[in-house]
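A.B. asks: Got a structure for you, written out below as structure tokens; questions coming shortly.
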Amino acid sequence: MPTSRRRRKAWLALAAAVLLTLGTAAARAAEAVVVAVTAIDEHPALNACRDGIRDALKAAGYADGKNLKFVYESAKGDPATALAIARRFNQAKPNVIVPISTPSAQAVVSATIGIPVVFAAVTDPLGAKLVRDMHKPGGNVTGISDLSPVRTHFDLILHITPGARTIGVLFNPKEANSYTLVQLMKKTALGVHMTVVEAPATKPADVPAAAEGLVGKADVIFVPTDNTIVPMIDAIVKVGVENHVPVYAGDIDTVKRGAVAAISLDYYNLGRQTGNVVVRILKGEKPGAIPVVVTKRSGWVDVEKTGCGFSVAHEPVAIADGLLRILDCPAEATVMGARGQAWARQMFGWPSIGRAMRDAYEGVLVRSPRQVA
């Protein structure tokens, strides 16, 4: 065979190989990646986290239904269901699994082999035995922690109810995140001359009785970001209102349902942070090489939309200054007050909530440096 013909065939074979390689790569690029998300239950904070994850993926160019298959399943508050979901995900082999909350993360990590896992909204990743090192997690697991700003909760409570000396904490002792938070609250309470009264409830049906058990024992009730307790906030607030015990919380959405005040992390932004970690893994990074991050971003109730208030920083002094602003501007206070009363009547219909907030404002003014001056 002439040399020129052999050379031409060789070039054609090479070109065919290149085209085949490019075609295979293009086909792989066109394939949708699968991100499987699960949460122990559905309530505003966990739902916001899920939405943040999806939006972060979209912002990075992963569109659900195009180059992304976004799968979501809720365990509806049942640990056994959480484990069943984790096993299904492991069998399905998605590109990344994202468990939201400590119980879901524990289920997924225990059931998953080799698939990258990015947990979200886990209070204590070390205590929950998800990773061995926060900076170098190793293996196939990393994520975002939502450790609550415990000292800030106490500062807020003492500024609004300065006479409080005992704080009743409702929690599920079977949730590792809640157990860790209660221990931190006990240590913090010593520094502010307060005492923590524990009110355990292992299932939602036990929560009303646990709240009732705090009456006469606690000056205030605190509802942490506990997946068993938060869904029962209506029953807890009812106990608080009927017995004149202020209810505080670690989830800002509980304020809409009757809690006096709350300081919370912004779970939507936490979800965005989690989604960004998922993107890094989809682009080739190893989860074990990505440090676990404790989120510091806070959120607040957007009262400006209702016209009955304004937003301030989540710091006790800023909150006190905000309350003084209301009292120093009677016209503004009157308008916001009327709108706020209408909103409260529509949402709650309990006149005692107004009295509780009035007492709270008076308590802040008594302790305000401006008032002393």
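A.B. asks: Please pick out the residue among VAL131, VAL108 that is surrounded by 20 or more Cβ atoms within 10 Å (Cβ to Cβ) and assigned to a loop (DSSP other than H, G, I, E, B). I'd like the intermediate steps shown before the answer.
C.D. replies: Values: VAL108 fails: assigned to a loop (DSSP other than H, G, I, E, B).
It is VAL131.
A.B. asks: Going through segment 172-197 one residue at a time, which ones are closer than 19 Å to ASP146 by Cβ and of a type in the set (A, V, I, L, M)?
C.D. replies: Selection gives ALA176, LEU181, VAL182, LEU184, MET185.
A.B. asks: If you don't mind, another one. Is segment 73-96 home to any residue that is more than 12 Å from ALA39 (Cβ to Cβ), of a type in the set (A, V, I, L, M, F, W, C) and under 18 Å from the mean Cα position of the chain (by Cα)?
C.D. replies: Within segment 73-96, not a single residue is more than 12 Å from ALA39 (Cβ to Cβ), of a type in the set (A, V, I, L, M, F, W, C) and under 18 Å from the mean Cα position of the chain (by Cα).
A.B. asks: Looking at segment 73-80, is at least one residue modelled with pLDDT of 95 or more, surrounded by 17 or more Cβ atoms within 10 Å (Cβ to Cβ) and part of a helix (DSSP H, G or I)?
C.D. replies: No - not one qualifying residue is present in segment 73-80.
A.B. asks: Could I ask something else about it? Residues being under 14 Å from GLY275 (Cα atoms), modelled with pLDDT of 95 or more and either of a type outside the set (Ser, Thr, Tyr) or assigned to a helix (DSSP H, G or I) (or both): count how many of those fall in segment 37-48.
C.D. replies: Number of matching residues: 1.
A.B. asks: Here is a check on your reading of the model: is GLY139 at positive phi and either in a strand (DSSP E or B) or buried (at least 24 other Cβ atoms within 10 Å of the Cβ) (or both)? Before the answer, list the steps.
C.D. replies: Working: at positive phi: yes; either in a strand (DSSP E or B) or buried (at least 24 other Cβ atoms within 10 Å of the Cβ) (or both): no.
It is false that GLY139 is at positive phi and either in a strand (DSSP E or B) or buried (at least 24 other Cβ atoms within 10 Å of the Cβ) (or both).
A.B. asks: Could we say that ASN95 is surrounded by fewer than 24 Cβ atoms within 10 Å (Cβ to Cβ), in contact (Cβ under 8 Å) with a residue 40 or more places away in the chain and not small (Gly, Ala, Ser) here?
C.D. replies: On the way: surrounded by fewer than 24 Cβ atoms within 10 Å (Cβ to Cβ): yes; in contact (Cβ under 8 Å) with a residue 40 or more places away in the chain: yes; not small (Gly, Ala, Ser): yes.
It is true that ASN95 is surrounded by fewer than 24 Cβ atoms within 10 Å (Cβ to Cβ), in contact (Cβ under 8 Å) with a residue 40 or more places away in the chain and not small (Gly, Ala, Ser).
A.B. asks: As an exercise: evaluate ILE263 against (1) over 23 Å from THR123 (Cα atoms); (2) crowded, with 17+ Cβ neighbours inside 10 Å and give the number of the one condition it does not meet.
C.D. replies: ILE263 satisfies all of (1) over 23 Å from THR123 (Cα atoms); (2) crowded, with 17+ Cβ neighbours inside 10 Å except (1).
A.B. asks: Filter segment 81-105 down to the residues that are basic (Lys, Arg) and either assigned to a helix (DSSP H, G or I) or within 19 Å of PRO204 (Cβ to Cβ) (or both) and list them by number.
C.D. replies: Step one: filter segment 81-105 for residues basic (Lys, Arg), giving 87-88, 93.
Once the filter is applied, which keeps residues that are basic (Lys, Arg) and either assigned to a helix (DSSP H, G or I) or within 19 Å of PRO204 (Cβ to Cβ) (or both), segment 81-105 yields ARG87, ARG88.
A.B. asks: With in contact (Cβ under 8 Å) with a residue 60 or more places away in the chain and either touching a Lys or Arg at 6+ places or on another chain (Cβ under 9 Å) or among the hydrophobic types (A, V, I, L, M, F, W, C) (or both) as the only criterion, which of VAL141, VAL150 stands out?
C.D. replies: Just a single option satisfies the conditions, and that option is VAL141.
A.B. asks: Determine whether LYS186 is more than 12 Å from VAL220 (Cβ to Cβ), modelled with pLDDT under 95 and not assigned by TED's automatic domain parsing to the domain that holds PRO99. Please lay out each step first, then the result.
C.D. replies: Values: more than 12 Å from VAL220 (Cβ to Cβ): yes; modelled with pLDDT under 95: no; not assigned by TED's automatic domain parsing to the domain that holds PRO99: yes.
Judged against the criteria, LYS186 is not a match.
A.B. asks: Residues in segment 145-181 that are at pLDDT below 95 and among the β-branched types (Val, Ile, Thr): how many?
C.D. replies: 6
A.B. asks: Considering ALA121, ALA164, ALA84, which residue is outside the structural domain of VAL71 (by TED's automatic domain parsing) and of a type in the set (A, V, I, L, M, F, W, C)? Spell out the reasoning first.
C.D. replies: Details: ALA121 fails: outside the structural domain of VAL71 (by TED's automatic domain parsing); ALA84 fails: outside the structural domain of VAL71 (by TED's automatic domain parsing).
Selected residue: ALA164, the only one of ALA121, ALA164, ALA84 that is outside the structural domain of VAL71 (by TED's automatic domain parsing) and of a type in the set (A, V, I, L, M, F, W, C).
The values are calculated or read from the model by the stated rules, or taken from the named source; none is laboratory data. Since we're looking at a predicted model, the values are computed, not measured. Note that each Cβ is placed from the backbone with ideal geometry, even for glycine, and that neighbours are counted across all protein chains shown.
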